[in-house]
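The values are calculated or read from the model by the stated rules, or taken from the named source; none is laboratory data. Note that the structure is a prediction, hence the values are computed from the model and not measured. So basically every Cβ, Gly included, is an ideal-geometry build from the backbone, and we count neighbours across all protein chains shown.
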Amino acid sequence: MSRSAGLDHMNIPHVELMIPRWLHHKVEARLAHLLRPDGSAEEDFLEPRGEPALLASDSVSWKIFKNPLGLYIGGIAAVVLQLAEPRVGSGVWRYTTFRQRPLERLQRTGHAAMMTVYGPRSRTEPMIAAVTRLHDRVRGIAPDGRAFCASDPELLEWVHATACFGFLEAYHAYVQPLAAFERDRFYAESSPAAMLYGAQSTPDSHAALEALFARMGGQLQRSDIVLDFLRIMRRVPALPGPLRPLQGILTKAAVELIPVALRDRIGLGKAWSLAPWQRRLVCRAGAAADRLILRTSPAVQACRRLHLPDDFLYVPR
């Protein structure tokens, strides 16, 4: 079965998947902690009242980023592709704290992604400017001998494109199949934010993304960094305690999103594939997460900021 088969081909009944109240509370508390351990995340997304985000509330991005499971899976897929590029891998592994404090790094990255999609412009644009200043200071020599700077436009394009790919494909494969025009729209609507981060060119369609993969795929390499990252993601306490045993399956689900040719090139073979029952489990969990209205989530808080109902993104339109 192809990774993009989606729920309609999984023989999964379209019924409401009930989540126990105790688990709902644990998921909500964990998400809030991941975004801001000090509990201040609400300030970032609720105020100023009425102020728009970089992306419109009817965008495909608002629909996709509301799903925490899809973001978790898609983020892992994106980082695998990023670390397999020697310059990006060196920048992350040598010049950040990911190895020593992976959860802190995940918190910062997740918060930045949510602000880019849901945050008010007056808070988001200064945050992006601060990130770009940090990138300007990350310089080094990759294992293949090439000098790099984290703000190099080619590297920024790769990071942005792989992030878009991961989030989009995770939602499409494990949550809800998306039409071709929705997938193209997702890439196109993300370009203005990518430009603020310093990317000079970004894929504006699925076809453009595939062309980028064809162009950059030859630069990807097998690396212990990728394997170290996957090991970390299997054990880091990212999910609520009762769900933590699923992290290994969700990590495999992320790897399975990567095109086979690229997986082979970076050495992630069949051992990283999902069993059929695991794929069904991930799809059920993804569908349930898409109906999980979390009061503390940036998606709901951004809706409140714009005077929209909490279930705005959860009701078919």
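Numbers at a glance
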item	result
Arg284 among the basic types (Lys, Arg) and surrounded by 15 or more Cβ atoms within 10 Å (Cβ to Cβ)	yes
Elements of type helices (runs of 4 or more DSSP H) in the stretch 244-316, at least 1 residues being under 26 Å from Phe229 (Cα atoms) and out of contact with any Leu (no Cβ under 7 Å at 6 or more places or on another chain)	247-257, 260-265, 276-289
Test: residue in the stretch 82-93 that is part of a loop (DSSP other than H, G, I, E, B), modelled with pLDDT of 90 or more and either closer than 30 Å to Ile249 by Cα or in contact with a strand residue (DSSP E or B) (Cβ under 7 Å, 6 or more places away or on another chain) (or both)	yes
Any hit, the stretch 235-247, residues being over 26 Å from Ser59 (Cα atoms), of a type in the set (Lys, Arg), without any contact (Cβ under 8 Å) to a residue 60 or more places away in the chain and surrounded by 21 or more Cβ atoms within 10 Å (Cβ to Cβ)	no
The stretch 268-301: number of residues that are among the hydrophobic types (A, V, I, L, M, F, W, C), without any contact (Cβ under 8 Å) to a residue 60 or more places away in the chain and farther than 13 Å from Lys66 by Cβ	6
Residue that is surrounded by the most Cβ atoms within 10 Å (Cβ to Cβ), among those in the stretch 122-157 that are part of a helix (DSSP H, G or I) and hydroxyl-bearing (Ser, Thr, Tyr)	Thr124
Any hit, the stretch 211-220, residues being under 24 Å from Gly286 (Cα atoms) and part of a helix (DSSP H, G or I)	no
